[in-house]
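For reference, the structure discussed in these notes is given below.
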Amino acid sequence: MRLHRAVILAALSILLCGFLVWAQEDESYDVPYVPTPENVVEEMLKLANIHKGDILYDLGSGDGRIVITAAKKFGIKGVGIDINPERIKEANENAKTAGVTDLVTFKQNDLFKEDISKATVVTLYLLPEVNLRLQPKLFKELKPGSRVVSHDFDMGDWKPDKEVSLESHRIYFWVIPADAAKKAAAQDR
């Protein structure tokens, strides 16, 4: 069963990489734009245990649906980071339509360069290799107790606190540990 799931995830990763080459043409993005289905968005937010006062950062936010849904459903502030200016434009239009421009912000930036230290929740739908590169940043910048939720892809050796299957999707949940800064320093060596 685990081998079967691993083969499926590897195949999905290869397909996404192929899509990246096809869809992005001359752009050099690490991750293709593949929207998270609405039912997965809902489950990600549920798993993150969103509550009043949270600040959600969605890294690779695409059309903004996770940040917008969190703002509409829970009244929390959110920040979406995406490198593609077309996605940022679309996300801002979607926020305006949803009536949550007072709660959400979308920034065009490289997610590795953006300061995410104010986040209490971080959501991701990135490729496995990007998640692995991102892990030290999460450990360095997020406070202990912050929550991280990833759609479909895990973080290698960092075992999730919870894992949920939803149709053909996997959702992974972690809590930043108290010794995260020490782990980040060890990874830098």
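The values are calculated or read from the model by the stated rules, or taken from the named source; none is laboratory data. Computed from a predicted model, the values in this text were never measured in an experiment. Virtual Cβ from ideal backbone geometry, glycine too; neighbours counted across all protein chains shown.
Picking from 116, 171, which residue would you name as being at pLDDT 95 or above, of a type in the set (Val, Ile, Thr), over 16 Å from residue 50 (Cβ atoms) and buried (at least 16 other Cβ atoms within 10 Å of the Cβ)?
On inspection, the qualifying residue turns out to be 116.
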- Item | Matching option when the condition is farther than 28 Å from residue 75 by Cα and not polar (S, T, N, Q), among 127, 138, 134, 142 | 127
- Message: For region 58-124, give me every one of the strands (runs of 3 or more DSSP E) that falls completely inside it and has 1 or more residues that are over 15 Å from the mean Cα position of the chain (by Cα), more than 19 Å from residue 171 (Cβ to Cβ) and not basic (Lys, Arg).
- Response: 104-108
- Taking the condition at pLDDT 95 or above, within 16 Å of residue 61 (Cα to Cα) and out of contact with any His (no Cβ under 8 Å at 6 or more places or on another chain), does residue 122 pass? yes
- Message: in contact (Cβ under 8 Å) with a residue 24 or more places away in the chain and either acidic (Asp, Glu) or farther than 17 Å from residue 141 by Cβ (or both): which single residue out of 97, 123, 105 fits that description?
- Response: 105
- Output the residues belonging to region 131-161 that are closer than 24 Å to residue 42 by Cβ, under 15 Å from the mean Cα position of the chain (by Cα), in contact (Cβ under 8 Å) with a residue 24 or more places away in the chain and not in a strand (DSSP E or B). 131, 134, 138, 142, 146, 152, 153, 154
